[in-house]
Amino acid sequence: MTAHISFFEQVNRSFDKAAALTDYDPTLLGQIRACSSVYRMSFPLRRDDGRIEVIEAWRAEHSRHKTPTKGGFRYSHTVDEDEVMALAALMTYKCAIVNVPFGGAKGGVKINRRDYSDGELERITRRYAFELAEKNFIGPGVDVPAPDFGTGEKEMAWISDTYQALTPGKLDAAACVTGKPVAQGGVRGRKEATGLGVYFGICEACAVEEDMTARGLSAGVEGKTVVVQGFGNVGYHAAKFLQQRGGAKVVAVAEWNGAVQDPSGLDIDALDAYRQEHGTLIGFPGSTAIEQPESVLEMECDILVPAALENQITMDNASRVRAKIIAEAANGPLTADASEHLLGRGVLILPDTFLNAGGVVVSYFEWVKNLAHVRFGRLQKRWQSQAYHGLLKAVEDMTGASFPKDVIQTFLRGPDEIDLVFSGLEETMAAAYSEIRQVKGRLGDRADLRTAAFVVALDKIVTSYEDLGIFP
Ligand code: NAD
């Protein structure tokens, strides 16, 4: 066993490693590193059977160098103050890395959602929103929550509805939370955004031939073997896109109550349908059950995608990890020590601060949509379609040839909201990876991708502070 280092300290270790490679004022670095505020609350819940239970919850706002602050909130029976502070800090750096104009925040409610009915979850969520509103810890320009572990569209709809009830007539109230259902002001593509971003990020990394060759791999995602831990929102979508868009082979998937493997590749949509029906992955036709779900972390594979919770790979199991690439879909799945150990063995680690940023990128699009009060694509779709039509026709007239029907159809349709959201996400992930690699190139052996990503974040956050004139 290794000595216990808190999650927030783990994040700060990565921060310090990057900070040591910069010349920034230590006082300013100290200000960036600190967590601005944490609101701890406890409130009563009447259970369906009449009992009263006290629920503990938190919201941490790590940095207000840009407002609103932004970050998900989770339902987890292991969440505590340290955890929300660490996750809020990661959000600060993540937002800077992918250029979305937010500070970092995170919330947590200490429950296991499986122990509560839908009605109880609704009462908890609405009360949580009420507590946040009462202390000015939520609002379109203040702090904007989103989905995270154990929460999804339904919880976001309850938050939005509660906030709107408390702020009658507030025009931008729907922008108080993102990840809402589309009918409640959500944006198309938010649900799959984090997993899709993970896929885009992995594609970018796998396209770098020298990084692949150094690990005995060929460039590209196609044909690579993948193991996924956590088959929730992020894990499911990452696995789905890796298989369906990338042509990768997902050879094992783990959930808290069991894991399955199939060396010839699992059909991700069929596996999801099976789990929804049976409540477990075990028994999925054609697969073999794995007794200890956590052992998937040690399976031989090209890409390991931890997509459940933090602290999954520690010094206790790092030496048995055999993946060549670790794609941090979850926040903080590797401890700082384990990360160093694996880097020393030549494993390519795609850091959480970059790789799972797709969620906040598309949340940003949703927030902008709510403030603009118009769906993306609504203004330009018809104009673009007609412009393309004119262009294609001119080419046909000049050449005497005709475009194939399917080409014409693709162009003439014009972009829908989901096309714009997905292409905006892809562009953001590609640009961020290129920036991180550039910084890594400049720093040479002193920086791995995580450290380079932190330096990218620091450069931008320091500039914001300088712009504010607080630390000239
Ligand atoms: P989720 O609740 O939808 O899914 C998590 C899944 O992991 C669940 O199915 C759960 O049963 C499973 N799980 C829990 N413990 C496990 C274990 N020990 N082994 C295997 N599986 C286990 O949550 P999510 O939104 O997919 O979040 C997963 C991770 O991704 C978290 O670290 C979260 O902070 C991070 N993340 C989420 C988003 C987002 O948009 N939802 C964005 C960025 C990062």
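Go over the candidates ARG59, ARG64, ARG51, ARG74 one by one and state the one that is more than 16 Å from the ligand (Cβ to nearest atom), at negative phi, among the basic types (Lys, Arg) and touching a residue at least 24 places away in the same chain (Cβ under 8 Å).
On inspection, the qualifying residue turns out to be ARG64.
GLY179 - would you say it is buried (at least 24 other Cβ atoms within 10 Å of the Cβ), at positive phi, out of contact with any His (no Cβ under 6 Å at 6 or more places or on another chain) and not in a helix (DSSP H, G or I)?
Yes; evaluated as a whole, the condition is true for this residue.
Look through segment 206-232, keep the residues that are touching a helix residue (DSSP H, G or I) at 6+ places or on another chain (Cβ under 7 Å) and small (Gly, Ala, Ser), and return whichever of them is farthest from GLU427 (Cα to Cα).
Ranking the qualifying residues of segment 206-232, first place goes to SER218.
Do we have any residue at all in segment 323-337 that's farther than 15 Å from ASN12 by Cα and out of contact with any strand residue (DSSP E or B) (no Cβ under 8 Å at 6 or more places or on another chain)?
No; the residues of segment 323-337 include none that is farther than 15 Å from ASN12 by Cα and out of contact with any strand residue (DSSP E or B) (no Cβ under 8 Å at 6 or more places or on another chain).
Would it be correct to say that SER423 is among the small types (Gly, Ala, Ser) and either on the phi > 0 side of the Ramachandran plot or within 20 Å of the chain's Cα centre (by Cα) (or both)?
yes
Go through (1) surrounded by fewer than 19 Cβ atoms within 10 Å (Cβ to Cβ); (2) not in a helix (DSSP H, G or I) for ALA308 and report which single condition fails.
(1)
Quick check: anything in segment 166-180 within 16 Å of the ligand (Cβ to nearest atom) and under 15 Å from the mean Cα position of the chain (by Cα)?
Yes: one or more hits.
Report the residue count in segment 62-74 for those that are surrounded by 24 or more Cβ atoms within 10 Å (Cβ to Cβ) and out of contact with any Phe, Trp or Tyr (no Cβ under 7 Å at 6 or more places or on another chain).
Matching residues across segment 62-74 total 5.
Any residue that is under 30 Å from LEU458 (Cα atoms) and of a type outside the set (Phe, Trp, Tyr) - is there at least one of those in segment 118-132?
Yes: one or more hits.
Please work out which residue is farthest from the ligand (Cβ to nearest atom), limiting yourself to segment 328-386 and to residues that are surrounded by 15 or more Cβ atoms within 10 Å (Cβ to Cβ) and of a type in the set (Phe, Trp, Tyr).
Here the residue is PHE376.
Since ASN317 meets every condition but one in (1) within 14 Å of the ligand (Cβ to nearest atom); (2) within 22 Å of ALA248 (Cβ to Cβ); (3) surrounded by fewer than 24 Cβ atoms within 10 Å (Cβ to Cβ), which condition does it not meet?
It is condition (2) that ASN317 fails.
Hey, can you tell me all the residues within segment 229-254 that are among the β-branched types (Val, Ile, Thr) and either more than 8 Å from the ligand (Cβ to nearest atom) or more than 26 Å from TYR75 (Cα to Cα) (or both)?
VAL250, VAL251, VAL253
Of everything in segment 401-438, what is surrounded by 15 or more Cβ atoms within 10 Å (Cβ to Cβ), within 29 Å of GLU210 (Cβ to Cβ) and not hydroxyl-bearing (Ser, Thr, Tyr)? Give them in sequence order.
The answer is PHE422, GLY424, LEU425, GLU426, MET429, ALA430, ALA432, GLU435, ILE436, ARG437.
Between ALA105, ALA88, which is among the hydrophobic types (A, V, I, L, M, F, W, C), closer than 15 Å to GLY179 by Cβ, touching a Ser or Thr at 6+ places or on another chain (Cβ under 9 Å) and surrounded by 19 or more Cβ atoms within 10 Å (Cβ to Cβ)?
Testing whether each residue is among the hydrophobic types (A, V, I, L, M, F, W, C), closer than 15 Å to GLY179 by Cβ, touching a Ser or Thr at 6+ places or on another chain (Cβ under 9 Å) and surrounded by 19 or more Cβ atoms within 10 Å (Cβ to Cβ) leaves just ALA105.
So, of the residues in segment 138-148 that are in contact with a Pro (Cβ under 9 Å, 6 or more places away or on another chain) and closer than 15 Å to PHE73 by Cα, which turns out to be surrounded by the fewest Cβ atoms within 10 Å (Cβ to Cβ)?
GLY139
Mind listing whichever residues of segment 71-88 are in a helix (DSSP H, G or I) and within 18 Å of VAL144 (Cα to Cα)?
If the condition is that a residue be in a helix (DSSP H, G or I) and within 18 Å of VAL144 (Cα to Cα), then VAL84, MET85, ALA86, LEU87, ALA88 are the ones that fit.
Tell me, yes or no, whether segment 12-30 has at least one residue that is within 21 Å of the chain's Cα centre (by Cα), closer than 19 Å to PHE137 by Cβ and either crowded, with 19+ Cβ neighbours inside 10 Å or small (Gly, Ala, Ser) (or both).
No; the residues of segment 12-30 include none that is within 21 Å of the chain's Cα centre (by Cα), closer than 19 Å to PHE137 by Cβ and either crowded, with 19+ Cβ neighbours inside 10 Å or small (Gly, Ala, Ser) (or both).
Mind listing just one residue for me: the one in segment 90-116 that is polar (S, T, N, Q) and outside any helix (DSSP H, G or I) and, of those, nearest to ILE159 (Cα to Cα)?
The selected residue is ASN112.
Results for (1) in contact with a strand residue (DSSP E or B) (Cβ under 7 Å, 6 or more places away or on another chain); (2) touching a residue at least 24 places away in the same chain (Cβ under 8 Å); (3) among the charged types (D, E, K, R), shown as yes or no for each residue.
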| position | (1), (2), (3) |
| --- | --- |
| THR92 | yes, yes, no |
| CYS95 | yes, yes, no |
| VAL100 | no, yes, no |
| ARG113 | yes, yes, yes |
| LYS135 | yes, yes, yes |
| ILE138 | yes, yes, no |
| ILE159 | yes, yes, no |
| ASP172 | no, yes, yes |
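Residues that are crowded, with 22+ Cβ neighbours inside 10 Å and part of a strand (DSSP E or B): does segment 117-135 have at least one?
no
Residues are listed down the side, and each one gets a yes or a no for (1) charged (D, E, K, R); (2) farther than 26 Å from ARG74 by Cα; (3) touching a residue at least 60 places away in the same chain (Cβ under 8 Å); (4) within 10 Å of the ligand (Cβ to nearest atom):
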site	(1), (2), (3), (4)
TRP256	no, no, no, yes
ILE268	no, no, no, no
ALA273	no, no, no, no
GLU277	yes, no, no, no
PHE284	no, yes, no, no
VAL296	no, no, yes, yes
MET299	no, yes, yes, no
PRO306	no, no, yes, yes
LEU309	no, no, yes, yes
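Return the residues of segment 350-399 that are of a type in the set (S, T, N, Q), modelled with pLDDT of 95 or more and more than 30 Å from PHE454 (Cβ to Cβ); say none if nothing qualifies.
ASN370, THR399
The values are calculated or read from the model by the stated rules, or taken from the named source; none is laboratory data. All figures in this text were calculated on a predicted structure; none of them were measured in a lab. We place every Cβ from the backbone using ideal geometry, glycine too, and count neighbours over all the protein chains shown.
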